[in-house]
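A short worksheet on the structure shown next.
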Amino acid sequence: MKVVSFGAGALGMMLSGFAFAAQNGTVNFEGEVVNSTCNVVPADQDKTVVLPTVSVSALDTAGATAGATPFSISLENCTVGDGGSPPVSELSLPVSATAANQFDVSAYFEPGGTVDSSTGRLINTASDGDGATNVQIELLNSQGAPIAIREVGGDGLQPGAEWYAVDGDDGAVTMNYFARYHATGGPATAGVVSSTVDFTLTYQ
């Protein structure tokens, strides 16, 4: 599991008398593990992306964005599986065959405690006393389109994510992204903004 951190410079349950009918169902899971693998370069295995210090006036309404900052995740030693070697190292959902000596790779950002499941953005985890409010961190693909950190779609990618082509002869690729502030729930207030997200490599 790899980590990308982000920083900035500046039900309880209620019981009632209602009866609930029991419902039965089934959840099916599908996935695949493949031999194609890449290594994240050491410098990008646990990196920090520093967003610029921005004014609250830039985030004065819900939906406003500011401070788009580029970052990249570089891969090396990428190899194409050939029926048993190299050893399996990553989980892929889903996988399809590509050219004999090529495959595609992408970063799957793991939904977790730092992710707002309703927006697909990163919540501000800075302490209550110092943290800005009504601000999340939004990830973007290389074209500047938002990436929603949630389950993959039929193309094997999270909404907004991209595949990056790897040539097995070269064995290296750089995946490019942006991160920015996103005002949510109202005007932002001043304070620190920070968050973190794990990612796993996924293959096609």
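Quick note: the coordinates plus some simple rules give every number you see, no bench work behind them. The shown structure was predicted, so the numbers you read here are calculated from the model rather than taken from an experiment. Glycine also receives a Cβ, built like all others from the backbone with ideal geometry; neighbour counts cover every protein chain displayed.
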key: Simple spin-label estimate for Gln102 and Ala145 in nanometres, 7 Å along Cα-Cβ   = 2.0 nm
inquiry  = Run the paramagnetic zone check for Thr79: 7 angstrom along Cα to Cβ, then residues of region 41-57 with backbone nitrogen under 19 Å.
reply    = 41-42
request  = Evaluate the relative contact order of region 34-203 (contact order divided by residue number), counting alpha-carbon pairs under 8 angstrom at least 6 apart; express in whole percent.
outcome  = 36 percent
key: Fraction of alpha-carbon pairs over 23 Å apart in region 34-203 - percent   = 43 percent
ask   = Rounded to the nearest 0.05, what FRET efficiency is calculated for Asp155 and Val41 with R0 set to 35 Å and r the Cβ-Cβ distance?
value = 0.85
